[in-house]
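**Q** Got a structure here, written out as structure tokens. Questions coming.
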Amino acid sequence: MARPLPTTKAQVSGHKFLRRRVEHGYLDEIADDLDDAWFGAAVAATQAMHSQVFNAENNIQLHGGIGFTWEHPAHLYFKRAAADAVLAPLLIARGVQNKVLEAMAMARPVVASPEAAEGGAIGLVRTGDEIEIDVNNRVLRANVSDEELERRYRNYLRWNAMALVQRAQRDAVGVGGHISSYAGQATLYEVGLNHFFRGQDHPGGGDHIFFQGHSSPGNYARAFLEGRLTEQDLDGFRQEKSRQGHALPSYPHPRMMPHFWQYPTVSMGLGPMNAIFQAQTNRYLHNNGIKDTSDQHVWAFLGDGEMDEPESRGQLHVAANDKLDNLTFVINCNLQRLDGPVRGNGKIVQELESYFRGAGWNVIKVLWGREWDPLLEADDEGELVRIMNETLDGDYQTYKAESGGFVRDHFFGRSSVTKEMVADMTDDEIWGLKRGGHDYKKVYAAYKAAMEHKGQPTVILAHTIKGYGLGKSFEGRNATHQMKKLTVDDLKVFRDRHRIPISDEQIEKDPYNIPYYHPGADAPEITYMMERRKELGGFVPERRSDYHAIPLPPESAYKQARKGSGKQQAATTMAFVRLLKDLMRDKNMGPRFVPIIPDEARTFGMDSFFPTAKIYNPKGQNYLSVDRDLFLSYKESPQGKIYHVGINEDGATAAFNAIGTAYSTHGEPMIPV
């Protein structure tokens, strides 16, 4: 009797599972009913698997003695037949036909889960994937790494974000949008969303993420895969009036999507400033006993061109002085602004590094992908590093708009040493040397280091390519920010590069109505994506307005104000200050008032607040105050109520925003004054 075969493993190599010979007569018979010969071949190959498994299985049973000889070729044939049968899969006509046929017709092997026969999950199998074959139970599983699963749906996100803008250019719509921004920083977002950014159901309270405005199509694309947005919603991009109920604003805005966007961004410079004061407000709430925010982190995604705005750099000292290690800036250094290079004749990364270090920030640079590591390790003479440091940003931009051969000649060719370093590399391999901001592992390491760093805010300078993955017509081009449309050829290149199972016919039929792609809620990669968000505490971004009501002060709190000033004249400002002081004494509502003062307290008679309410300073007061003996002495405290921002009207406005929206961001109503 044949010995049962244990579980074994096999490696997918190329498309070997599709290379099957089929009798011409049978193929012709099937193909008669199909428009595409590829589909006919796929169906014929699938049906042929039935007899392959049957013959292999009965061969072992017929020659039972060979069951004791593990190396017998019959076993190998049976395992191969069983794998092929499931990969086809056997029951192709029961709920899974279209996806399987489409993938096979495009020369993409497919693997079906055991549930596929009932219309369950199907995942694409690629070269290098490990397949686990349990012959006893006739089960086949694809053992795909988490990194590979993330790479796959990151490709779906890139496609859908592009398709959203592409479809918005269809006839009678033509509303514009931005394709290249998200394409260049998808990895920066996804590393965070898969491993770092915590939702509001996290025990620590969740993180606060300021997403870069021009990259909103990527956020919408992810929400589509998560099931939060529909295709109808995506088709409402930039059509707030004509598609009400299914409209998506071009940029993040809570008023337009009150349950989705938590923070408005895209007004250049306001994102960095608001992020700093959000981090400071989190500490304020914690130190004043309003809420434990010790496990909450603020992330701000910014552009290198955006950092030219005075507001972008003008508040860096605030974060450094308060040692806001709950804050991380991620600056997408694609070297481009809207019209051209940020610093064509210079190096923006080095400029920003010096600026942030001087301001007291921790700086992490993510410049080169892992493909560069062997070259850097072999750089014994330092020639490669020298050329890297001497190459201007304008040249780096040009390199990614050209070819591997161009990079070989114009970059590595600057030195005989570096030219020899890549002598054995093909032009394609040189072209594949990625920038650091597109390397998943390098970005992960940077985020992890930022979270572990204490005592300073952190900035991550990530070197990227604007329009990454969109093809040579977009990548690194000066006009890429304004480019809204991909040609048919561009779409095909994009599809092939990211391995999206969409046919030429679907693209050619109407380039401005290309389909979105969703592998199904049960697909392994989508299941994994949802599990990651569940573990991290829910969806991001998400805006909530759940908060506990605060009892209003009693009528007696207004008693003195109602008396008026009698015969004495009083300025309205002074009258308000007196009322505020009385309201701040209320045991319920009092702690919720936050006077925000841009260095004008004495002007408005609010210096009387100093001794009692005190000025908020997380360091306390470690000096001997010059007016310590006065009744109205200047007092600072980590539990101070007064939010004193100095001579800083912009900072006061940002603090007002952070305090005023605490009901949503923290579930704690606060009253900024």
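The values are calculated or read from the model by the stated rules, or taken from the named source; none is laboratory data. None of the values given here were measured: they were computed from a predicted structure. Positions of Cβ are generated from backbone atoms using ideal geometry, with glycine treated the same way; all protein chains shown enter the neighbour counts. All accessible areas refer to the heavy atoms of the entire protein, side chains included, with ligands and DNA or RNA removed. Shrake-Rupley method; radii C 1.70, N 1.55, O 1.52, S 1.80 Å.
**Q** What's the number of the only condition in (1) part of a loop (DSSP other than H, G, I, E, B); (2) closer than 27 Å to residue 552 by Cβ; (3) open to solvent by 40 Å² or more (accessible area, probe 1.4 Å) that residue 602 fails to meet?
**A** Of the numbered conditions (1) part of a loop (DSSP other than H, G, I, E, B); (2) closer than 27 Å to residue 552 by Cβ; (3) open to solvent by 40 Å² or more (accessible area, probe 1.4 Å), the odd one out for residue 602 is (2).
**Q** Starting from the range 261-276, take each residue that is on the phi > 0 side of the Ramachandran plot and list its partners that are part of a helix (DSSP H, G or I), counting only C-beta distances under 7 angstrom and pairs at least six apart or across chains.
**A** Within 7 Å, the pairs are 266/213; 266/214; 269/306; 269/310; 269/311; 269/312.
Listed here are the residues, each with its yes/no results for (1) assigned to a helix (DSSP H, G or I); (2) closer than 30 Å to residue 169 by Cα.
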position: 433; (1), (2): no, no
position: 437; (1), (2): yes, yes
position: 460; (1), (2): no, no
position: 466; (1), (2): no, yes
position: 470; (1), (2): no, yes
position: 483; (1), (2): no, yes
position: 492; (1), (2): yes, yes
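**Q** If you don't mind, there's one more thing I want to ask. Could we say that residue 444 is open to solvent by 20 Å² or more (accessible area, probe 1.4 Å), in a helix (DSSP H, G or I) and under 20 Å from residue 334 (Cβ atoms) here?
**A** yes
**Q** Just wondering, is there one or more residues in the range 469-483 that are open to solvent by less than 70 Å² (accessible area, probe 1.4 Å), farther than 27 Å from residue 368 by Cα and charged (D, E, K, R)?
**A** So far as the range 469-483 goes, no, none of its residues is open to solvent by less than 70 Å² (accessible area, probe 1.4 Å), farther than 27 Å from residue 368 by Cα and charged (D, E, K, R).
**Q** Here is a check on your reading of the model: is residue 523 open to solvent by less than 70 Å² (accessible area, probe 1.4 Å), touching a helix residue (DSSP H, G or I) at 6+ places or on another chain (Cβ under 9 Å) and farther than 30 Å from residue 145 by Cβ? Steps first, please.
**A** Working: open to solvent by less than 70 Å² (accessible area, probe 1.4 Å): yes; touching a helix residue (DSSP H, G or I) at 6+ places or on another chain (Cβ under 9 Å): yes; farther than 30 Å from residue 145 by Cβ: no.
No.
**Q** Just a yes or no: is a residue in the range 632-644 among the small types (Gly, Ala, Ser) and in a strand (DSSP E or B)?
**A** Yes: one or more hits.
**Q** Of these, 571, 557, 561, which one is surrounded by 13 or more Cβ atoms within 10 Å (Cβ to Cβ), without any contact (Cβ under 8 Å) to a residue 24 or more places away in the chain and more than 30 Å from residue 456 (Cβ to Cβ)?
**A** 561
**Q** Tally up the residues in the range 549-594 that are basic (Lys, Arg), outside any loop (DSSP other than H, G, I, E, B) and more than 21 Å from residue 660 (Cβ to Cβ), please.
**A** Of the residues in the range 549-594, 4 are basic (Lys, Arg), outside any loop (DSSP other than H, G, I, E, B) and more than 21 Å from residue 660 (Cβ to Cβ).
**Q** Examine the range 636-653 for a residue that is in contact with a His (Cβ under 9 Å, 6 or more places away or on another chain), open to solvent by 30 Å² or more (accessible area, probe 1.4 Å) and charged (D, E, K, R), and state whether such a residue exists.
**A** Within the range 636-653, the subset in contact with a His (Cβ under 9 Å, 6 or more places away or on another chain) is 636.
With the extra rule that they be open to solvent by 30 Å² or more (accessible area, probe 1.4 Å), the set shrinks to 636.
Filter once more, keeping what is charged (D, E, K, R): 636.
Within the range 636-653, one or more residues are in contact with a His (Cβ under 9 Å, 6 or more places away or on another chain), open to solvent by 30 Å² or more (accessible area, probe 1.4 Å) and charged (D, E, K, R).
**Q** Are any residues in the range 155-206 open to solvent by 20 Å² or more (accessible area, probe 1.4 Å), farther than 20 Å from residue 295 by Cβ and in a helix (DSSP H, G or I), and if so, which ones?
**A** 167
**Q** Something else: Out of all the residues in the range 606-627, which are part of a loop (DSSP other than H, G, I, E, B) and small (Gly, Ala, Ser)? Can you show your working first?
**A** Initially, the range 606-627 is screened for residues part of a loop (DSSP other than H, G, I, E, B), giving 610-614, 617-627.
Matches in the range 606-627: 613, 620, 625.
**Q** Condition first: part of a loop (DSSP other than H, G, I, E, B) and either open to solvent by less than 20 Å² (accessible area, probe 1.4 Å) or touching a Lys or Arg at 6+ places or on another chain (Cβ under 9 Å) (or both). Now tell me which residues in the range 526-548 satisfy that. Outline the logic, then answer.
**A** Step one: filter the range 526-548 for residues part of a loop (DSSP other than H, G, I, E, B), giving 536-548.
Answer for the range 526-548, where residues must be part of a loop (DSSP other than H, G, I, E, B) and either open to solvent by less than 20 Å² (accessible area, probe 1.4 Å) or touching a Lys or Arg at 6+ places or on another chain (Cβ under 9 Å) (or both): 536, 537, 538, 539, 540, 541, 542.
**Q** Now for a separate question. Check off (1) touching a strand residue (DSSP E or B) at 6+ places or on another chain (Cβ under 7 Å); (2) exposed (fewer than 15 other Cβ atoms within 10 Å of the Cβ) for residue 497 and give me the number that stays unchecked.
**A** The single condition residue 497 does not satisfy is (1).
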